[in-house]
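Inspection log for the structure reproduced underneath, given as structure tokens.
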Amino acid sequence: MTKVKKNKFRLSAANIFILMIVGLFLLSSYDSYQQYLKQTEPEKSISTILTEVKNNKVKELELTENKILVKYKNGNLARTNKEPNASLFEVLKDSGIDPLSVKITSQDNDQMGTLINILINVIPTILMVVFFIFLFRQARGAQDSIFSFGQSRAKRFIKSKSKITFKDVAGIKEAKEELEEVVDFLKHPEKYQKVGARTPKGVLLVGPAGCGKTLLAKAVAGEANVPFFSIAGSEFMEMLVGIGAARVRDLFKNAKTNAPSIIFIDEIDAIGRARSSGVMSSHDEREQTLNQILVEMDGFEPTEKVVVVAATNRGDLLDTALMRPGRFDRRITVNFPDLDERQSILKLHSQGKPFENNVDWSRLAKRTVGYSGADLENMLNEAAILTARLGKTKINSDILEEAATKVKLGPEKKRLQTEDDRKLTAYHEAGHAVVAFNLPTMDPVHRISIVARGMSLGHTLIPPKKEIIHETKTRLLERITSMLGGRAAEELIFNEVTTGAANDFNQATAIAREMVTEYGMSSLGPLSLNNNMDVTNWARYSNNDQVSQETLAKIDKAISQIINSSYTQAQSILKTHKAKLDLIAKVLIEKENLDQDEFETIMKA
């Protein structure tokens, strides 16, 4: 049985004010309404009424001040008026009518009218008093809010409401061990004090978005038996200079009062960015807030038994004074999960979801290289949603593959394409796949599709088959060659080029530029020629002469040589394997998708 919630009326000052206005309106319109009701009867002259009384047609005369309501014996009504100072009895006698021959009643509205007049005169005064009281309370509330600007906006964690512990965090083993040590230090400080260990002042979590930094902080909150204060870096910032610093002082004051305790600052780069050297304009509010954090973490008054845990995606932007030992003693990098960690994350998030027995978790973990923990969790959730939408009861491998592709490339788009467009897309994607298959160190092609996703009309997935830390020049050149295979196939088959390879060119040129300017993999030799401008460093930003114009021309020439050489190699491979290119394109036009096994079977036949 569904319970219906009853809306409770709250007697606030505003509601009372509105009710009094409505009441005043109703009272002021009462007389007018009564008069309107009485004006529905026909009006006759007093002489006509007296004649009808003589003829014994009138049953009752109802007198209200100078107005007379006539009630006939047949049930009809009429109204008339008498002279203001004349008595109805005298009027009847003067007309030769016996006053006792007709029933006469009198209705006195003087009391009601007096009450209405009093209310009409008093209520406006009451309304004015209530209005000024309301204004006074509003002004007082605004004054209180001004003085509350300097109060910390941190949310104090309540342990009983958390359901996340370190057991709910898969992978990132080293980060968990560091934070478990911090929690244990706060729970059992005497164990560490016996051997002269000092409480770590701060722990900085650095890594890409979605890799588990905030989840680790939630786990710390779930594990700790100490007060846990959580706040975002942007919550310190206000329009008024000095508010952020005041909030920092209030936050650390509360933490010290409740020590031992933990402070978690999410996205600390919002306030912890490197301070200006004085050449460029600065942000006074952010700098004052940062200075206050530096003082609170390592000032004349040491912060004992208060650990600051902070998270950021941009550790390179933080001020060096914030990063030194004594403030953030430990810097923990939380990167994308490796193969084993992805398997652990998939196992953790698969709990509570039904899967078919043919799901190969090892292959799925290899297929999701470059996925963050948030991506993997979202992938399994999308798979569960798709399973329910299809009316199935268990998640299978095909649904997981579709979910993994959707997370990275977006949902399928059933665009209306002509046969020429489908054929062009099929040859373009087949070109990528055939070139990649015939390069000795390239990873295997995982999936080819001509189904539109996002902004692309098709895709060829070539995830790395193993975790690679150091890329070689040969692998980078082969990646560029495989990226240019789509354009090479278009030119070979159609003797024409299209705009479909624009994104391929962007990626290929970016890799070639890094090879020349950062990795020293060109004829220019082992030089760092990266001229990226960092706005946090005015010296680099203002120095436009780091690389001469002659060197810039050589960089462009070296990049062009890499791209042209790779494109020539892609053309050569496709000319040699044109029959396979035609066969793959034909199958793609028919089936739209090709997985790794089907593709390799065709290529090896």
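Readers should treat all values here as calculations from the given coordinates under stated rules, not as data from a laboratory. Just so you know, these numbers come straight off a predicted model, no measurement behind them. All Cβ positions, even for glycine, are placed from backbone atoms using ideal geometry, and neighbour counts span all protein chains on display.
How many angstrom lie between the C-alpha centres of the range 195-274 and the range 334-356?
When both Cα centres are located, 29 Å separates them.
Want the number for T441 to E550: 0.36 nm per residue separation, take away the alpha-carbon distance, what's left? Walk me through the numbers on the way to the answer.
Numbers: separation 109, 0.36 × 109 = 39.24 nm, distance 3.49 nm.
Additional length available on full extension: 35.7 nm.
Roughly how far apart, in whole Å, are the Cα centres of the range 406-483 and the range 379-403?
Each part's Cα centre sits 23 Å from the other's.
What order do you get for V226, V445 when you list them from fewest to most C-beta neighbours inside 10 Å?
Numbers: V226 21, V445 25.
In increasing order of surrounding Cβ atoms, one gets V226, V445.
Per residue Cα convex hull volume for the range 157-238, in cubic angstrom? It would help to have the intermediate numbers written out before the result.
On the way: hull volume 10.4 nm³, N = 82.
Taking only Cα atoms, the range 157-238 has a hull volume of 127 Å³ per residue.
Binning every alpha carbon pair distance of the range 363-469 at 10 Å from zero, what are the percents per bin?
Taking all Cα pairs of the range 363-469, the binned fractions are 13, 38, 35, 13, 1 percent.
Neighbouring Cβ atoms within 10 Å as the yardstick, rank S565, S344 fewest first.
On the way: S565 14, S344 20.
Fewest-to-most ranking of S565, S344: S565, S344.
For the range 414-604, divide the Cα radius of gyration by the Kirkwood radius and give the resulting Rg/Rh value with two decimals.
Values: Rg = 18.8 Å, Rh = 18.0 Å.
Answer for the range 414-604: 1.04.
Sorted from largest down, give the three principal axis spans of the alpha carbons of the range 339-409, whole angstrom values.
Extents along the principal axes: 31, 26, 18 Å.
Which of L409, G391, L364 sits farthest toward the positive end of the charge dipole of the range 339-409, with +1 on the Cβ of Lys and Arg and -1 on the Cβ of Asp and Glu?
G391
Where a Cα-Cα gap under 25 Å defines reach, which lysines qualify for K73, not counting those fewer than 8 residues away within the same chain?
K38, K44, K54, K57, K59, K82, K93, K103
Magnitude of the Cβ-charge dipole of the range 339-409, K/R +1 and D/E -1, about the Cα centre, nearest 20 debye?
Using Cβ point charges on Lys, Arg, Asp and Glu, the range 339-409 gives about 100 debye.
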